[in-house]
Amino acid sequence: MTLEELHAELAAGKLRPAYLIAGEEPLQRDEALAALRAHVLAGAPVDFNLDRLDGTASSKAELIDALRSLPVMAARRLVELREPEAPRALGRGLAEALASVVEELAQGSASVLV
C-alpha cells in the first residue's frame, strides 16, 4: 500500500487492525505513522492510549498486555512496535507473539498495532 492509498483508506473511515510500515524513505514512514496516530487517537489523550514498544527491549508479555489494554476516553488505542525483526526481539518470541495478536486484533480488538 502506498502512502496515498493509506490516506484514502483513512479518509474513507477504513481502519485495519494492524499495519506494517516499511520502506526506504524515512520521511514517508514517518508521515504514514503520523497519519495513523492522528486517525486512531482522534484527539484522545495520548498518555493513556498510545504505547511505544521497542522490539529490542520489550517482551512478548509487554506486547500482549499493551494490545489487550482498554482505551481511556477513546474508541481505540495505538500500539507502536519498533524493530520487531531485530535479532534480540526474535530471540524473545516477539515474532510468534505478533502472529497470534494480529489474529486476535482482527476479531475486533480496541487496539491498532503499527
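The values are calculated or read from the model by the stated rules, or taken from the named source; none is laboratory data. Bear in mind the structure is a predicted one, so any value in this text is a computation, not a measurement. Neighbour counts are summed over all protein chains in view; Cβ atoms, including those assigned to glycine, are modelled from backbone coordinates with ideal geometry. In case anyone asks, the SASA skips ligands and DNA or RNA and just uses the protein heavy atoms, side chains included. Shrake-Rupley method; radii C 1.70, N 1.55, O 1.52, S 1.80 Å.
Please count how many residues of the range 35-47 are of a type in the set (G, A, S) and open to solvent by less than 50 Å² (accessible area, probe 1.4 Å). If you could, list the steps in order and put the result at the bottom.
Taking the range 35-47 first, the residues of a type in the set (G, A, S) are 35, 38, 42-44.
After this cut, where a residue has to be open to solvent by less than 50 Å² (accessible area, probe 1.4 Å) as well, the list is 35, 44.
Here the count works out to 2.
Which residues, taken from the range 14-32, are in a helix (DSSP H, G or I) and buried (at least 16 other Cβ atoms within 10 Å of the Cβ)? Reasoning before the result, please.
In the first step, residues of the range 14-32 are kept if they are in a helix (DSSP H, G or I); the result is 26-32.
Residue satisfying the conditions is A32 alone.
Among (1) more than 18 Å from E104 (Cα to Cα); (2) of a type outside the set (K, R); (3) in a loop (DSSP other than H, G, I, E, B), where does H39 come up short?
With respect to (1) more than 18 Å from E104 (Cα to Cα); (2) of a type outside the set (K, R); (3) in a loop (DSSP other than H, G, I, E, B), H39 is out only on (3).
Go through the range 48-67 and report how many residues are closer than 27 Å to A11 by Cβ and loosely packed, with under 14 Cβ neighbours inside 10 Å.
1
Among the residues of the range 68-97, write down those that are of a type outside the set (D, E), open to solvent by 40 Å² or more (accessible area, probe 1.4 Å) and modelled with pLDDT of 75 or more.
Answer for the range 68-97, where residues must be of a type outside the set (D, E), open to solvent by 40 Å² or more (accessible area, probe 1.4 Å) and modelled with pLDDT of 75 or more: R68, S69, L70, V72, M73, A75, R76, R82.
Kindly establish whether A8 is modelled with pLDDT of 95 or more and out of contact with any helix residue (DSSP H, G or I) (no Cβ under 9 Å at 6 or more places or on another chain).
Numbers: modelled with pLDDT of 95 or more: yes; out of contact with any helix residue (DSSP H, G or I) (no Cβ under 9 Å at 6 or more places or on another chain): yes.
Against the criterion (modelled with pLDDT of 95 or more and out of contact with any helix residue (DSSP H, G or I) (no Cβ under 9 Å at 6 or more places or on another chain)), A8 qualifies.
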